[in-house]
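Just so you know, all these numbers are worked out from the coordinates, no wet-lab data involved. Small disclaimer: the values here were computed from a predicted structure and weren't measured. For neighbour counting, all protein chains shown are included, and Cβ atoms are generated from backbone atoms with ideal geometry for every residue, glycine included.
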Ligand SMILES: [Zn+2]
Ligand SMILES: [Zn+2]
């Protein structure tokens, strides 16, 4: 994903891309196309880029292990400054461009921000019921045969405590 910036006039310039994930170097769990829309705001000595990334990814639910796909969305802003990068510069979201740069390349930022947007906790649904700890049945598909009655009586006080503490 490249945007030509030679002879770019000052002001707002919208852009949009729709590319196969491999073209920006994304791989599994992402799949299909990655869409990036946004705008460049060209100022006297800098360009401010605002972008929104949308890409699908395949995950496995942490609770029930079912495979599911999810739309990953991420917004980011990058400020491109013309000139030499100062020593020890570590400002986030700032990229230095040479005075005669004629394009900006989005690939690395699109990759990084897509990866950062992968949720830590992967759930097929907020209310996923998970698997029965005894028989392994996916409880989203219905109740299992394991009745609470045949739970070893020695565990009952612990189960009552768990209930009181509201942990599952
Ligand atoms: Zn699940
Ligand atoms: Zn069960």
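Note on the chain: helix-only mean residue ellipticity at 222 nm, from DSSP H runs of 4+ residues weighted -39500 (n - 2.57) and normalised by residue number, equals -3500 deg cm²/dmol. Annotation: the residues 137, 84, sorted from fewest to most other C-beta atoms within 10 Å of their own C-beta, follow the order 84, 137. Would you mind pulling out the separation of the Cα centroids of region 91-136 and region 31-82, in Å? Computed from Cα coordinates, the inter-centre distance equals 7 Å.
Listing 92, 97 from fewest to most neighbouring C-beta atoms within 10 Å gives 92, 97.
Taking every alpha-carbon pair in the chain and binning the separations at 10 Å intervals from zero gives 8, 26, 22, 15, 12, 10, 5, 1 percent.
Peptides 59-68, 33-42 ranked from most to least packed, by the mean per-residue count of other Cβ atoms within 10 Å: 33-42, 59-68.
Would you kindly state how much longer the chain becomes between residue 141 and residue 101 on full extension, computed as 0.36 nm times their sequence separation minus their alpha carbon distance, in nm to one decimal?
8.7 nm
Extension gain, residue 48 to residue 92: 0.36 nm times the residue separation minus the Cα-Cα distance gives 14.5 nm.
Residue separation of residue 35 and residue 65 scaled by 0.36 nm, minus their Cα-Cα distance, works out to 8.0 nm of gained length. For region 1-71, the C-alpha radius of gyration divided by 2.2 N^0.38 Å, with N the number of residues, is 1.49. Please give the residues of region 109-134, grouped as numeric ranges, whose backbone N is less than 15 Å from a label point set 7 Å along the Cα-to-Cβ vector of residue 160. No residue passes the distance filter.
Within the chain, DSSP assigns beta bridges of which about 90% are antiparallel (rounded to the nearest 5).
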